[in-house]
Ligand code: UDP
C-alpha cells in the first residue's frame, strides 16, 4: 500500500511524527511518501529534524502575508501534480489547517481514499477557530477513515451522519509524541529548561497566535500578563511568540523590557516540553497544548471563547477564559493563590489517549486494505 502523508505546520508535524515512525516500521505492507506543503515553513523544519522525518516533496508555498486563498489554491495545485505522479493508495492528513483541507480535496478529486487523523473535533461555531472549524467539517465528509481521538469526537461525526464504518477511536497521536519526547528527556537525563534563571520563580508559560485573537485579543491578553507580572513578584512569564508579525508586534509592544517577562522565539519540541514541565501554569489558545497539559499535570487557562476540546475542561485540567483582561487576571490569580484550586486542576487523568494512537491508526489502515501482516 502506498500511503502519502501531507502536512504543513508545526502541530501537524508533531501529531503525524508518531504515525510516520509506525508506518515506517511496517515496510512489508506499507510504502510511505511524505509531502510537506510549507504553510509554516520556518516553524516546521526543526520539527522534521527532531522526529527524523524525511520529506520526499516540499511544495514550498509560503509567501509573505499569505492569505487563505493562496494556501488553499497552491496546495491544491501542488498536490494534484504529486498525486498524479505518485498514485498513492491513500492520503493521510491531520487536523484542520488549510493545508490539510486542500490536500484532502486534491485526493478526493482524484478519487484517492483519505485518512483523517484527529477527526471529529467541533466547536460548533463556524468562526472559532477560523478557518479551522469549517476545514475540519469538510475533511470529515471527504475522509474514508476518520481517526477520532475520543469517544466524543466520534459522537460528533455520528451526529453528522458520517459512515460508522469509517470511524475509529484511537486516542490522540500528540500523546504518543509527548511520551516519546519525555522518554528521550529521561534517557538523556535532561530535565531543566534551557532558559536560565527560571527556577527562582513560578513560571506562567504562554502561547497565543490564533487569527481570531489578532488585534484586541492579543492586546488584552498581553496587558493581563503584565498585570500578573506586576502583582506577583515570584512569577516569571515566558511567552513563546509565533513569528507572524500580527502576533509579534502586538505582544512585544506591551511585554518587552519587563524584568519578569521573557518574550522568546518558539523553541523546538524538546525544549518546549521541558518548559511545560517546569511551568506552574499555562495560558494558551493552542489545541495541542490543551491536550498535552493534563499528562504533565499542568493547569491550562484557554485564551479563547470556545474550545473544541471540552474533554480538557471536563477532566478539570483546563478552563475557558477568553481574552478579557480582568477575567484572565482573576483566573490566574485563583491558581496562584489557592492551593486547593491548584490541586483540583492538576490531579487529573488525561482523556486524550494512552500513547498508542499511531499503532491503532496503522492497524486500521492495514485493515482497510485487507492486509494484517504486521511482521516487520
Ligand atoms: N509547541 C512547541 N513550541 C512552541 C509552542 C508550541 O513545540 O513554542 C508545540 C506544543 O507542545 C504543541 C504544538 O506545538 O504540541 C502546538 O502548536 P500550535 O499551538 O501552533 O497549534 P495548535 O495545537 O493550536 O494546532
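Looking only at residues in the range 297-311 that are more than 25 Å from residue 155 (Cα to Cα) and away from the ligand (no atom under 12 Å from the Cβ), which one is surrounded by the fewest Cβ atoms within 10 Å (Cβ to Cβ)? Per the criteria, the residue is 297. Considering 44, 68, which residue is under 16 Å from the mean Cα position of the chain (by Cα) and at pLDDT below 95? Of 44, 68, the one residue that is under 16 Å from the mean Cα position of the chain (by Cα) and at pLDDT below 95 is 44.
Among the residues of this structure, residue 151 does not count as one that is out of contact with any strand residue (DSSP E or B) (no Cβ under 7 Å at 6 or more places or on another chain) and surrounded by fewer than 18 Cβ atoms within 10 Å (Cβ to Cβ). Is there a residue in the range 314-322 that is within 24 Å of residue 214 (Cβ to Cβ) and either in a helix (DSSP H, G or I) or modelled with pLDDT under 95 (or both)? Looking through the range 314-322, none of the residues is within 24 Å of residue 214 (Cβ to Cβ) and either in a helix (DSSP H, G or I) or modelled with pLDDT under 95 (or both). Within the range 328-357, the set of residues being surrounded by fewer than 18 Cβ atoms within 10 Å (Cβ to Cβ), over 27 Å from residue 223 (Cα atoms) and touching a helix residue (DSSP H, G or I) at 6+ places or on another chain (Cβ under 9 Å) comprises 349, 354, 356.
The values are calculated or read from the model by the stated rules, or taken from the named source; none is laboratory data. Just so you know, these numbers come straight off a predicted model, no measurement behind them. Here the Cβ is made from the backbone with ideal geometry for all residues, glycine too, and neighbour counts use every protein chain on show.
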